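Here is the structure we will look at.
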Amino acid sequence: MESESESGAAADTPPLETLSFHGDEEIIEVVELDPGPPDPADDLAQEMEDVDFEEEEEEEEGNEESWVLEPQEGVVGSMEGPDDSEVTFALHSASVFCVSLDPKTNTLAVTGGEDDKAFVWRLSDGELLFECAGHKDSVTCAGFSHDSTLVATGDMSGLLKVWQVDTKEEVWSFEAGDLEWMEWHPRAPVLLAGTADGNTWMWKVPNGDCKTFQGPTCPATCGRVLPDGKRAVVGYEDGTIRIWDLKQGNPIHVLKGTEGHQGPLTCVATNQDGSLILTGSVDCQAKLVSATTGKVVGVFRPETVASQPNLGEGEESESNSVESLGFCSVMPLAAVGYLDGTLAIYDLSTQTLRHQCQHQSGIVQLLWEAGTAVVYTCSLDGIVRLWDARTGRLLTDYRGHTAEILDFALSKDASLVVTTSGDHKAKVFCVQRPDR
């Protein structure tokens, strides 16, 4: 087998001494695409005595006019080709920026868009359940609470709203600064958000108890609650990273200077047990951080990014960036998606590049399928692709959008992919894989 060392993108960093990985050698392969067609409740949740964890059934009422069943022959638009989708939700009148599935049943979706609207609708037939009304700016964040009883939407101006799903009634709202990101706590009705003034906010919903975590005087560009529910990692525009104690309200670790990034952070992810954090930035680097020590234990950057021709020092960060990243749950692998269309699969045990898969357009987001080594990507060419991270090979793709895909979500059993696009539509694709 050929050596992986020359293609590895890890910087001179120490090995992961406290972590045990199983090695798995593979040849690095560049795939060129044809342009054709923790269960226990945490301290935070225990503090909230008035939280009701009772499960309630969702109402199944709605408006049939919001859905369109798509034929398989094709669509008319700027990206002509077949439409592989089963259901198209067409009630938005402008680009659809975000989508999230209800985690309890994976039967409902919430989407938000440039039309200042958000909708909760049913995946099986696209039927509208209710509109999350009242936004006056583009809805860029939307998501269900851990038990699917609440749904939150946030717009660019910083207006956040929460609805009770079964009653379809608004139960809470708050106006923060310009919104950068929003996420529910994994085990409690607690909502977190980052804003352009550098603050990270945390509210107990619906009573509104609030705590703020003050960062630097620059936007808190991305954030993620760690699986233990007691900490959150937040990335900032100045390249710094902070790991916050959600109960005490203080930063446990601060990474800045050479430990941080040399440009704004774009994305963060954690592995399944929360021991490792992966951060991405417009500086084209992905940094592997120990959540326990707060130390950088790996830096990844593919050769194709580092050696782009005709780029000056100041132009590189504008030409490319890390757009999305994530950890495989069954192998010591991490995936990093770049704006130039590169999907890089890294081996964490050897800190080397394992595979490089090239897209024709920039990658917008990637997601790992739970329990497998399959990674999904959506890109600016309007296509969803499935990759085998063990071999670097393309398994299949799904088409149907006539503009770029802006967000997507994957059902827990990986049977459905739900996408949103600049073509004003959200689509539901049924995933069929011969290998399972």
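The values are calculated or read from the model by the stated rules, or taken from the named source; none is laboratory data. These figures come from a predicted structure and were not determined experimentally. Neighbour counts run over all protein chains shown; Cβ positions are idealised from the backbone, glycine included. With ligands, DNA and RNA removed, areas are computed over all heavy atoms of the protein, side chains included. Shrake-Rupley method; radii C 1.70, N 1.55, O 1.52, S 1.80 Å.
Structural remarks
- Considered as a group, the residues in segment 164-195 that are open to solvent by less than 10 Å² (accessible area, probe 1.4 Å) and either touching a Ser or Thr at 6+ places or on another chain (Cβ under 7 Å) or in a strand (DSSP E or B) (or both) include one that is farthest from Glu237 (Cα to Cα), and that residue is Val165.
- Among residues of segment 202-239, those that are among the β-branched types (Val, Ile, Thr), open to solvent by 20 Å² or more (accessible area, probe 1.4 Å) and within 22 Å of the chain's Cα centre (by Cα), counted: 1
- In summary, His401 fulfils each of the numbered conditions (1) open to solvent by less than 30 Å² (accessible area, probe 1.4 Å); (2) assigned to a strand (DSSP E or B) with the single exception of condition (2).
- Those residues of segment 119-141 which are part of a strand (DSSP E or B) and open to solvent by 10 Å² or more (accessible area, probe 1.4 Å), in sequence order: Arg122, Leu128, Leu129, Phe130, Glu131, Thr140, Cys141
- Verdict on Asp116 being at pLDDT 95 or above, touching a Gly at 6+ places or on another chain (Cβ under 7 Å) and open to solvent by 30 Å² or more (accessible area, probe 1.4 Å): no
- Some residue of segment 365-384 being over 26 Å from Asn106 (Cα atoms) and not polar (S, T, N, Q): yes
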